[in-house]
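Asker: This structure is in structure tokens; I'll ask about it shortly.
The values are calculated or read from the model by the stated rules, or taken from the named source; none is laboratory data. Remember, predicted model here, so these are calculated numbers, not experimental data. Cβ placement follows ideal geometry from the backbone for every residue including glycine, while neighbour counts extend to all protein chains displayed. Ligands, DNA and RNA are excluded from the accessible area calculation, which covers all protein heavy atoms including side chains. Shrake-Rupley method; radii C 1.70, N 1.55, O 1.52, S 1.80 Å.
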Amino acid sequence: MKLVSTSLISCLFAALLAVPAISQAAGEAAPAKVAKPDLVKGEASFTAVCVACHAADGNSAIAANPKLAQQHPEYLIKQLQDFKSGKRKNPVMQGFAAALSDDDMKNISYWVTSKKIKPGFAKDKELVALGERIYRGGISDRQVPACAGCHNPTGAGIPSQYPRLGGQHAEYTATQLTAFRDNGRTNNLLMNQVANKLNDREIRAVADYIAGLR
């Protein structure tokens with residue numbers, strides 16, 4: 001058996017090394033690197049813009065303003081984008097969001113989601129049982145799905161898909177459900193369809209029950 005010459009092996013090896021360069025020259029660009037959120041900048045921006053309404057750690061003490069702590073960052077980013085574009089209406093939030101870049105939104109969202117949410121509690125004893133039934137089982141005769149199906153039995157939500165609800169202020173949740181029902185908020189068609197089937201009492205009940213989830 002004849003041995004392959006050293007010069008032939010060298011040529012083959014050189015050809016193999018040249019393949020990546022040829023492929024890249026043909027237009028196969030390397031995958032773009034996604035910039036990681038800058039939590040230091042996120043904290044600075046949050047402190048400058050968001051603290052007055054949402055508190056220093058994202059646990060708003062004002063029932064009309066949502067707790068942001070431990071919320072899924074993807075959800076927060078989408079809401080800020082919707083405020084900026086006008087898809088979600090709120091004069092105050094539209095003004096703040098208009099001044100934020102995409103990087104600002106990402107940095108703020110990832111920073112505040114790293115904060116621990118302070119648990120809440122249900123207050124209306126007369127409605128809590130009704131709220132639990134709706135949250136866990138829905139309303140079958142009106143084809144209202146169980147909230148737990150999308151938002152988790154504990155209200156933790158599902159990252160990148162459905163927001164965290166557990167521990168949220170009942171007043172804020174009720175306001176949003178009413179806005180979805182009455183088409184005052186239209187940046188989530190599914191929630192419009194669900195809330196459209198709820199009356200005021202049911203909205204108050206499920207919002208109050210959600211406040212106590214943990």
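Asker: Is it true that G120 is in a helix (DSSP H, G or I), touching a residue at least 24 places away in the same chain (Cβ under 8 Å) and open to solvent by less than 40 Å² (accessible area, probe 1.4 Å)?
Answerer: no
Conditions (1) among the small types (G, A, S); (2) modelled with pLDDT under 50; (3) on the phi > 0 side of the Ramachandran plot, marked per residue:
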| residue | (1), (2), (3) |
| --- | --- |
| Q24 | no, yes, no |
| K33 | no, no, no |
| E43 | no, no, no |
| V49 | no, no, no |
| A56 | yes, no, no |
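Okay, residues lined up against (1) on the phi > 0 side of the Ramachandran plot; (2) at pLDDT 95 or above; (3) within 17 Å of the chain's Cα centre (by Cα):
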{"site": "P91", "(1), (2), (3)": "no, yes, no"}
{"site": "Q143", "(1), (2), (3)": "yes, yes, no"}
{"site": "C150", "(1), (2), (3)": "no, yes, yes"}
{"site": "G157", "(1), (2), (3)": "yes, yes, yes"}
{"site": "P163", "(1), (2), (3)": "no, yes, yes"}
{"site": "Q168", "(1), (2), (3)": "no, yes, yes"}
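Asker: Please tell me if D208 is at pLDDT 95 or above, among the charged types (D, E, K, R) and touching a Leu at 6+ places or on another chain (Cβ under 8 Å).
Answerer: Yes, satisfied.
Asker: Cβ contacts < 6 Å: first residue closer than 26 Å to G86 by Cβ, restricted to segment 184-206; second residue modelled with pLDDT of 95 or more and open to solvent by 70 Å² or more (accessible area, probe 1.4 Å), any location; separation 6+ or different chain. Result?
Answerer: Once the first residue is closer than 26 Å to G86 by Cβ and sits in segment 184-206, its partners that are modelled with pLDDT of 95 or more and open to solvent by 70 Å² or more (accessible area, probe 1.4 Å) give N187/K87.
Asker: I'm checking my understanding of the structure. Among residues of segment 124-135 that are at pLDDT 95 or above and open to solvent by 60 Å² or more (accessible area, probe 1.4 Å), which one is nearest to C53 (Cα to Cα)?
Answerer: Among those that are at pLDDT 95 or above and open to solvent by 60 Å² or more (accessible area, probe 1.4 Å), it is E132.
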